[in-house]
């Protein structure tokens, strides 16, 4: 099985990735304090069934979901099941989100909002920090929900700059890139590399 993020492909020994496997992983990695969010597509949830998915997520310690291809106007059925189990449904915002659309998303969302800071794939290009800060300020005028920022955050300096005006910094492909560069290195080396990278981000955020 191969996992792909923003054009980066890495091998995984897990075989086919299923909701059961993902939620089982969540159940053994959660510390009971750090929220666990599942991010993915709607199709496997529809196959499993909304009620069954919400029950499985709840039972395994998941706190919320972000379904990237489920717009808010089509989310009522799943949202009812999630809310029945006190699970958050997170939605995406982007630089091109119109004012009326922003209000609609804010009315539906719970947990937090995920602001996609770039037009493109995760981890791409360079951020215009001032522009992103302006957009986040506009979002805050419409909601009291926390706002996380992702896409284009490649290093500790960028993370620190974004943390100055956001509630969360979301990093994905930069971490995956490190795994790809190490190739078939032993698990201990992969783990240490990830820990070192994340520790650097943590130090930067603590100093923001």
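The values are calculated or read from the model by the stated rules, or taken from the named source; none is laboratory data. Keep in mind it's a predicted model, so treat the numbers as computed, not measured. No Cβ is skipped: glycine too gets one built from the backbone with ideal geometry, and neighbour counts run over all protein chains shown.
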Open item on the list: I'm checking my understanding of the structure. Among residues of segment 10-34 that are modelled with pLDDT of 80 or more and over 21 Å from residue 50 (Cβ atoms), which one is farthest from the chain's Cα centre (by Cα)?
Closed with: 33
Task: Filtered residue count, segment 191-208, keeping only those that are surrounded by 10 or more Cβ atoms within 10 Å (Cβ to Cβ), under 21 Å from the mean Cα position of the chain (by Cα) and without any contact (Cβ under 8 Å) to a residue 12 or more places away in the chain - done: 5
- [ ] Check segment 115-124 and report whether any residue there is surrounded by fewer than 17 Cβ atoms within 10 Å (Cβ to Cβ) and farther than 20 Å from residue 39 by Cβ.
- [x] no
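The rows are residues; the columns are (1) loosely packed, with under 14 Cβ neighbours inside 10 Å; (2) modelled with pLDDT under 95; (3) outside the structural domain of residue 35 (by TED's automatic domain parsing).
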residue: 77; (1), (2), (3): yes, no, no
residue: 100; (1), (2), (3): yes, yes, yes
residue: 113; (1), (2), (3): no, no, yes
residue: 131; (1), (2), (3): yes, yes, yes
Task: Qualifying positions in segment 44-71 - closer than 27 Å to residue 149 by Cβ and without any contact (Cβ under 8 Å) to a residue 12 or more places away in the chain - done: 71
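Of all residues being closer than 23 Å to residue 28 by Cβ and in a strand (DSSP E or B) in segment 68-103, which is farthest from the chain's Cα centre (by Cα)? Just the residue, please. Steps first, please.
Going residue by residue through segment 68-103, those that are closer than 23 Å to residue 28 by Cβ are 82, 85-88, 90.
Going one step further and asking which of them are in a strand (DSSP E or B), we end up with 88, 90.
Numbers: 88: 13, 90: 9 Å.
Ranking the qualifying residues of segment 68-103, first place goes to 88.
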